[in-house]
Amino acid sequence: MVRADEMMDICMLAGEIMLINGAETYRVEETLERMAKAGQFRNVHSFVTTTGIFLSFEEEGAGDVMQMIRVDDRMQDLNKVTLVNQVSREFVNREIDAAEALTKLQNIAKQPMNYSPLLLHTASGVAGGAFSYLFGGNLFDTLPAFIAGFVASMAVVHLQSYLKVRFFAEFMAAFTGGAVAILLVLIGLGENVDQVIIGTLMPLVPGIPLTNAVRDLISGDLLAGVTRGAECFVTSLSIATGIALAIALLS
């Protein structure tokens, strides 16, 4: 029989890893409930928002147990979400016990991202060049879009590590990427400044949060869906403001 405090630690750590790394709130709730029920606890209820996790269950002979944690960090690493789901399946199917599940979750929380920062920045640059061509640019526009997309990706990652206000980091990253794109076109490295700017900004667009917002709304998690949607709106506004400032100053 799993102890209540041990089960709570397992569930909260699993939920925290998933929520930080881009999982939908309904998926986090379902995972916590399945794991707690697999631990032979009754009356299991979980409530997850974009910034907090609440979990309660009933331990036989000891009454209800409830705990909440606040989650402030945000990143996108769906590999960790997949790993936590695998641990959850193994625990529910009795393939591992509670101690093994907790150890695996702690290792998942400590491990670095699946891809190096250099690879992520390069991928953002490649995406920027591809989008600039896709939206009507020519082959000469792909190189400045690649460079500007690479710089914008580096800016948003490094600024988020120093600034507590994430939206300001996105604003500055959009401004930096837009400024680099405009300057590269002005010195003759590209031809269509509009297409280069579009390609530069596309990697910054909050695609995963926007998709999660829609999926949360469809699944009935109205609070999480609306808050994620508001977060995407403010992010988009920050990006638009940053590129507008770059255009106003340099065009």
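The values are calculated or read from the model by the stated rules, or taken from the named source; none is laboratory data. From a predicted model like this one, the values you see are computed outputs, not experimental measurements. So basically every Cβ, Gly included, is an ideal-geometry build from the backbone, and we count neighbours across all protein chains shown. Heads up: the accessible areas ignore ligands, DNA and RNA and are worked out on the full protein's heavy atoms, side chains in. Shrake-Rupley method; radii C 1.70, N 1.55, O 1.52, S 1.80 Å.
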Exercise for review: Counting only heavy atoms of the protein chains, get the accessible area per residue of the chain (1.4 Å probe) and round it to a whole Å² value.
Suggested key: 51 Å²
Check your understanding: Where does the stretch 114-251 land on Rg(C-alpha)/(2.2 N^0.38 Å)?
Key -> 1.08
Exercise for review: For the stretch 67-130, with all protein chains present and a 1.4 Å probe, just round the carbon and sulfur fraction of the accessible area to a whole percent.
Suggested key: 56 percent
**Study point:** Distance (nanometres) between label positions extended 7 Å along Cα→Cβ at I96 and L119
**Key:** 2.2 nm
Exercise for review: Determine Rg/Rh for the stretch 1-139; Rg is computed over alpha-carbon atoms and Rh is the Kirkwood hydrodynamic estimate from the same atoms.
Suggested key: 1.13
Check your understanding: Leaving out ligands, DNA and RNA, what percent of the accessible area of the stretch 174-239 is carbon and sulfur, probe 1.4 Å?
Key -> 73 percent
**Study point:** Sites I218 and T82 - FRET efficiency at Förster radius 25 Å, r taken between beta-carbons, to 0.05
**Key:** 0.70
Check your understanding: What is the P(r) of the chain, as percent of Cα-Cα pairs per 10 Å bin from 0?
Key -> 8, 27, 27, 19, 12, 6, 2, 0
Check your understanding: Are there GluC sites (Glu not before Pro) in the stretch 90-167 that DSSP puts in a loop and that have at most 14 other Cβ atoms within 10 Å, and which ones?
Key -> E95
Review point. Which of the chymotrypsin sites (Phe, Trp or Tyr not before Pro) found in the stretch 78-138 are in a DSSP loop and have at most 15 neighbouring Cβ atoms, other than their own, within 10 Å?
Key: Y115
Exercise for review: Using Cα centres only, tell me the gap between the stretch 177-251 and the stretch 1-40 in whole Å.
Suggested key: 33 Å
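Rounded, prolate or oblate: which fits the stretch 93-141, taking a ≥ b ≥ c as square roots of the Cα gyration tensor eigenvalues, rounded meaning a/c under 1.5, else prolate when a/b beats b/c?
Note, shape of the stretch 93-141 comes out prolate.
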